[in-house]
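Structure record follows, encoded as structure tokens.
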Amino acid sequence: TAIWNYLSLGDAMQPPPGLEAKAGQWDVVPGDEPIVFGTFMRDVSARTYCVGWPERVHVAFDAEHARLALAWRGAFIDGSGTWEGRAGQLSVPLGSAERTMPPGDAVAVLADRTTPWPDVQRVRWRGMDRDARRRPIFRLALGDITIEEQAQPKIAEGGVRLERIFVLRAEADRSDVHLRAAVGDRIEPADGGFLVDGTLRVVVPGATGAAAPFVRDAAD
């Protein structure tokens, strides 16, 4: 009876609640713990894990190419490309101050400090997990080396920073494994770290001796 009464309204019939999308209806908003949102992302890949944090610093991890691809501040992401209708739309960050990470593998095995960075992907995706505090851990592999990477906000003086944590394990001691933290046309020492192209500050805390960060020249 209720259905027939509803249909009898004809042109005066109002759409059922939820049928018409409202502004912001599909926005994904992190709560007390980080949100992991799988999506097709523009300029990243069709296998992207976006991680949204309550501290309003977010990242996109490209599982197709086993690398952290993007970071941004502010609002997280609009989920309509994945959730609305038949979906299939490419997602984009809702926030601002986007930072694109260097292309290619972040970790590589080099014969020495002058060896060119590999332009062929060798790091492989091995899945995602969460730690005891529900923070995502991305698991990777480079040959017999296992890699765990976390990218999370760190509250500090002057604002929230992005902290990247790497844990590497191998069956034997290795001195040929390198991490590429940034790429730029101009990299200068600044405030206990490095200033990249005048806009990005990179700090590697506590790294000394053979693990101390250094700048190297390359063709690009």
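The values are calculated or read from the model by the stated rules, or taken from the named source; none is laboratory data. These numbers were taken from a predicted model, which means no experiment stands behind them. Every residue, glycine as well, gets a Cβ built from its backbone with ideal geometry; the counts of neighbours run over all protein chains shown. Side chains included, ligands, DNA and RNA excluded: accessible areas come from the protein's heavy atoms. Shrake-Rupley method; radii C 1.70, N 1.55, O 1.52, S 1.80 Å.
How big is Rg to Rh over the chain, alpha-carbon atoms, Rh as the Kirkwood inverse-mean-distance radius?
Reported Rg/Rh (Cα atoms, Kirkwood Rh): 1.10.
The largest accessible area among Phe166, Phe214, Phe40 belongs to the first residue in Phe40, Phe214, Phe166, and the rest follow in falling order (1.4 Å probe, all chains).
May I ask you to list the GluC sites (Glu not before Pro) in the range 1-92 that are in a DSSP loop and have at most 12 other Cβ atoms within 10 Å of their Cβ? Provide the component values of the computation, followed by the final result.
Details: sites: Glu20, Glu55, Glu64, Glu84; in loops: Glu20, Glu55, Glu64, Glu84.
Here the sparse-neighbourhood loop sites are Glu20.
Sparsely packed loop sites in the range 126-220 (the GluC sites (Glu not before Pro) outside DSSP H, G, I, E and B with at most 14 other Cβ atoms within 10 Å) comprise Glu157, Glu171. Here is the list for the range 1-96: trypsin sites (Lys or Arg not before Pro) lying in DSSP coil, each with at most 11 other C-beta atoms within 10 angstrom of its C-beta, are Lys22, Arg86. Computed about its Cα centre, the charge dipole of the range 75-220 is approximately 500 debye, with only Lys, Arg, Asp and Glu carrying charge at their Cβ. Roughly how many percent of the accessible protein surface of the chain is carbon and sulfur, given a 1.4 Å probe and a whole-percent answer? Carbon and sulfur together cover 51 percent of it.
In terms of accessible area, using a 1.4 Å probe and ignoring ligands and nucleic acids, Ile155, Ile145 rank largest first as Ile155, Ile145. An oblate overall shape is assigned to the range 99-220, the ratio a/c of its alpha-carbon gyration tensor axes (a ≥ b ≥ c) being 1.5 or greater and a/b not exceeding b/c. From the alpha carbon centroid of the range 51-91 to that of the range 154-172 is 20 Å.
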